[in-house]
Each structure stands twice: as C-alpha cells, then as structure tokens.
Amino acid sequence: LLLRWRRRRALWRKVAEAQERQERSLVRMEAAVHRFREQHPSVSMASILSLPLPELSGKLRDGSLPPDHVFYAYVGKALQIATETNCITEFLQESENQVRKAKLMEKQGLLYGVPVSIKDSIDCQGHDSTLGFIKNLNKPAAEDSVVVQVLKRQGAIPFVKTNVPQSLISYDCKNLIFGQTRNPLLYTRTPGGSSGGEGALVGGGGSVLGIGTDVGGSLRFPAAFCGICAIKPTGKRISKRGVMSGVVGQKAVAAAVGPLAKDVESLALCLRALLSEDMFSLDSTVPPLPFNEEVYSSTKPLRIGYYETDFFTMPSPAMRRAVRETKQLLEEAGHTLVPFELTNVDYVIFNYCVRGMFADGGSSFVKKFKGEMEKGGTGLFFWLAKAPQWLKTLLSWISKPFVPRFSSIIRSMKENTVDEVWSLHHEIEDFCHQFIAQWKKLNLDVMLCPMLGPALGIGYPAKLSVAVSYTMLYNALDFPAGVVPVTLVTDEDEEQLKGYKGYYQDWWDRTLAKAFRGSVGMPVAVQCVALPWQEELCLRFMKEVETL
C-alpha cells in the first residue's frame, strides 16, 4: 500500500507539472500578444481573423500582410478560445523564431506564414505526444513527424498542440492530465474526438488550419460537432510517420491524417501543399500522387449515391433532414441522385471494426493503461478487454436475448488466433470489393451520407460507443470521407425527437435520444464519400454541397 501510495504521488506530481507547463504556455501566449500589440497598435486583428485561408495565404505570399501580423492575431484568438474551451495543451515557443525567420525568407510554399495547430498525437520535435497518458509525459519527440516537416517546408508555422481523449479511442475529449475540452458553440457539449482540441480551436476561430487523425471518425466528429469542415483521406495518402496511434499495429481499420478548416477551399489548399514532392521524398511509402487540380475544379454533373440511415444507428430528425435537403439542392443543381442500399452494417461494426481493432482480445489496448490512474473515456472497451475469456463468453450468452448489441460487442472482443486474424483481413478485403462493385453497378461518382449530430453532451460518447457506425464504416473500407455543415437544429427537429425510439430500442438507443436533446441552433453536417485515392473528387463534391 505504501509503495502504491508513493507511485500515485509521483504520478500526480507529473500531472501537476504538465498542468503548470500548460498554464505557462498560455501566459507566454498572452505576453507575446501584449508585446506585439504595444509595438503595432494600429494592426486590425479582427480583419486578419475574418480572412478565409486561401485569401490569407495569398496576402501573405504577395507581401500585403506580414507573417507576424497574422501569427499574433491567431495567437491572441487561440488564447481566448483556449481559455473558454481548454483546447490547447502547449504553445510551441519556437514558432516565434519561425515567424521572425519567415519575414527574412523568400515567400515560398503554398502555406507561407500560415499558423497551423497540431493534434497532441502528431510529433513535434522537443514536445510530448501524450495521447492523454501520464507515462508519455516528459518524453519529447526526437524529430518532427513527416506531416509537420512538410508543413514547415511549405512555409507553415505550427504554433500550438491541442487536446485529445486518453488513448484516442473515444469521440469525446478528456484526459486526466489536461482535463475536458468543451465545444466552443455550447460549453455543455463535447467538441467530439479524438481530434477534439482541433475541432474546438478551429471551430472557435483560434486556428485557420488544423491537422488531426481519424481511425473511426476522429476528424469528422469534431468537425461536425463544431460546425466546420474536415476530410479523412485514404489511409496512405498522407504520411503517418511520427504520428502516434491508439492501437498500434492493427490493420483492419485504417487510420488517416487529415486537415480541419472552416471551409472546403482551405482543405483543398492544405492537401495541395501536403501532396508535394516534399512528402514523397520524406516518406517513400506514400504513393507519389500530387493533387489533381483537373478533378477538383471540374464542373461536370455528378452521379451521387445517397442513404438516409444505416439501419444500425437511427438518425436524429436533423440528420435525416440534412441529407434530404442536401439531396434536393443537388438535384436542383443538375446532379443525379441514386438511392444506395446499405446492408449488414451491424456485422461490419462488430466483426470488422470492433473485432479488427481488438483482435488480440484487447490485451495491447489494456497494456497502454498500465500504471495510469484513470481509464476514463473508453468505458466498456477497457472493462471488456480486461475481462477473462470465460466471463466474456458467459456474458455474451446471457445478454444475447435481451441486449443483442451488447452480446455482439462481447463476442467481437475475444482473442483471435493468427489464422483467424488473416481470415478476418481477407473477409474485410472481400467486403470492400463487394461495396465497390455495388457502387460501380450504380455508376456512382460519390456518395452522400448522414453524419452523427448534433454534438452530444459532455460524457455521452463514453456511453455511446456504438454510435460511430456512420463514420467507422469508411475506415473499414478505407474510403476518403469529408464532412460539411449544412443546417442547424430547429424547434421542429427537437419536437420530432420526442418520438425517437432507435432500431434496437435498447439502453444505447434511449441514451442517444437523451444525448441529442436540447440542441436547437447547433450545427448538423453531412458526410461526402469517394472511392479510394479520390480525395480531389471528394473535395469537389464537398465544395458543391458547401456552395449549395
């Protein structure tokens, strides 16, 4: 007991030191902005912050806006949003030196002088990538991740790191070190996760461009919940070298690195910059596919598949309306909309996603929590991963008639043999080819899908792990998928929510109905999907949706 008490005291000390560092970061940001304002009292911060990224980067490159003006405008705004939402974990102090150097450099790179926020799990030299784990504190990265190196070569200035949920396997945003991040639109709501700090900062206007990751919706949840845009590319389109993962080594559910921004044009500019010779030379495992301008700027009418529900997670009234209204606008604009029938999503979620990510019975996931003081945010998965196999089998058998989804999750979390893992990977490949065959039979270009929304209350994602079905499907398939906000929750949506029952009418469905309530005025997005390696077509479709 004494040893345990001493160990816990040592851990609390580490947490306290990290929190002090976070506090010092915010003090440094405040001091830096104060100094700049004293030296440049006439600079209009508000007019800089109002510029969309393409216009801002144009002014930086043609010299009409000095990089330090832009940098300190965003440092000031980021400080305000961090104070309100607790989204920033660290200010990258070396960014001030980069700004000074940028003033003397040639104006090169598509992102010259653009301040960029970086998710905690993406390595920045000299800074921790904690994933919300105490054991990862005071272990600064030896070098920048490839994506950060490319951003710097393109002239961008990474200036802050942002908060994540512990382990990243959550679509909330809370850990014991840095605490809970709040939604900038409504503080009682989650900003989404796991790129929740990014969603809050970009959504609140404290960053013009953020970089995050996605293994089940971790870019798309924060974007949808905070009313901004994001794209999850095909897994290997952008380098993941130097990017920490929640479950290392699993290949069943593809993770991806991608951008978040206020509009689609900003995402396109970011991908233009990243998909450059810089990235292909730094990471030879990334296919050398530069940004296809012709596909992105095409105006030919699209043939678009759509569905309103996956018959697993019942959409909220606002989600259903978002798809219907977007479909109608697209048809009026001359595009062809074709119904797409989704089947067996329950099988995909349990047997491909859950079983694929926890194919070792969850033992590597549990190991990550060893020596930690809190196992929050991952709730059910952590508990099941720790349970012995006989207990899982018994619980699965007992619960099957009453709570079939719970029974399926337990069954999915059994330890697999190597042979079973290989069979699973083969089965996922087959499923992907069948999905593409169905897509091609309908001669589709892209797909319009629902996106979970509006933002759930803080703490609800831990109770609603099953609600990731709309996003996680496209990680299992490894298709590019983006989100665009299209509407706000109305009083009528709220009224219709009273009749929300769900498809299973189990505890999860009842909890989701509660989580959706009281959201009038909150944003709701749709998901735009394309076939693998067709990020430009996905963005072109997103742009069309945004414009309409």
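Here are the numbers for the structure shown:
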read-out	value
Rule-of-thumb Rg ratio for the chain [Cα; 2.2 N^0.38 Å; N residues]	0.94
Per-residue HN-Hα couplings for the range 182-192 [Karplus 6.51, -1.76, 1.60; θ = phi - 60°; Hz; x = Gly/Pro]	10, 6, x, 8, 7, 5, 7, 9, 6, x, x
Pairs from K107/K262; K501/K543; K161/K232; K368/K463; K236/K392; K232/K327 whose Cα-Cα separation, in the structure shown, is over 27 Å	K501/K543; K236/K392
Sulfur and carbon atoms: percent of accessible area, the chain [1.4 Å]	55 percent
The chain, accessible area per residue, ligands and nucleic acids excluded (1.4 Å, Å²)	40 Å²
Extension reserve of the F311-K107 stretch, reckoned as 0.36 nm per residue once the Cα distance is removed	68.3 nm
Within the range 1-291, percent of DSSP bridges classed antiparallel, to nearest 5	65 percent
Nearest-20 debye value, the range 360-415 charge dipole, Cβ charges on Lys, Arg, Asp, Glu	100 debye
Electrostatic dipole magnitude of the range 120-221 [Cβ: Lys, Arg +1; Asp, Glu -1; Cα centre; debye, to 20]	180 debye
Förster-model FRET efficiency, 25 Å R0, L49 and E17, C-beta, rounded to 0.05	0.15
Kirkwood-type radius of the range 176-238, with distances r between different C-alpha atoms, in Å	11.7 Å
Label zone at N97, where the point sits 7 Å out along the Cα-to-Cβ direction: the range 135-150 residues whose backbone N lies under 17 Å	140-145, 149
Radius 13 Å from Cβ of W508, net charge of other residues (Lys, Arg +1; Asp, Glu -1)	+2
Chain lengthening between W390 and K251 when straightened (0.36 nm per residue, less Cα-Cα)	47.4 nm
Reachable lysines from K103, criterion Cα separation under 19 angstrom, eight or more residues apart if same chain	K59, K152
Cβ-based net charge around S423, under 12 Å, with every Lys or Arg adding one and every Asp or Glu removing one	-4
The chain: antiparallel DSSP beta bridges as a percent of all, rounded to 5	65 percent
Spin-label pair R9/E420, simplified geometry with 7 Å Cα→Cβ offset, distance in nm	4.5 nm
Highest to lowest packing among 407-419, 144-156, scored as the average C-beta count within 10 Å	144-156, 407-419
FRET efficiency estimate (nearest 0.05) - Cβ-Cβ, L548 to L2, R0 56 angstrom	0.25
Convex hull (Cα only) mean projected area of the range 422-548, reported in nm² to one decimal	9.8 nm²
Cα centre as origin, Lys/Arg/Asp/Glu Cβ charges: the chain dipole, Debye	1940 debye
Label-point gap, in nm, between S281 and V295 - each point 7 angstrom along Cα→Cβ	2.5 nm
Mean Cβ neighbour count within 10 Å, used as a protection proxy, ranking 242-253, 8-19 highest first	242-253, 8-19
Dipole of the chain, positive direction: furthest Cα of T417, A18, F381, with charges on the beta-carbon	A18
Length gained when the stretch K501-H40 is fully extended (0.36 nm per residue, less Cα-Cα span)	160.2 nm
Helical contribution to [θ] at 222 nm, DSSP H n ≥ 4, -39,500 (n - 2.57), averaged over the chain, rounded to 500	-13500 deg cm²/dmol
Debye intensity ratio in log₁₀ form over the Cα atoms of the range 360-415, taken at each q of 0.24, 0.25, 0.26 Å⁻¹	-0.91, -0.96, -1.01
Sorted peptide list for 323-330, 110-117, 171-178, criterion being average Cβ within 10 angstrom, highest first	171-178, 110-117, 323-330
Solution diffusion estimate, µm²/s, Stokes-Einstein, the range 88-146, Kirkwood Rh from C-alpha pairs, 25 °C, viscosity 0.890 mPa s	189 µm²/s
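The values are calculated or read from the model by the stated rules, or taken from the named source; none is laboratory data. It should be emphasised that the depicted structure is a prediction, and the values quoted were computed from it without experimental measurement. Every residue, glycine as well, gets a Cβ built from its backbone with ideal geometry; the counts of neighbours run over all protein chains shown. Protein only, heavy atoms only, side chains kept; ligands, DNA and RNA dropped before computing areas. Shrake-Rupley method; radii C 1.70, N 1.55, O 1.52, S 1.80 Å.
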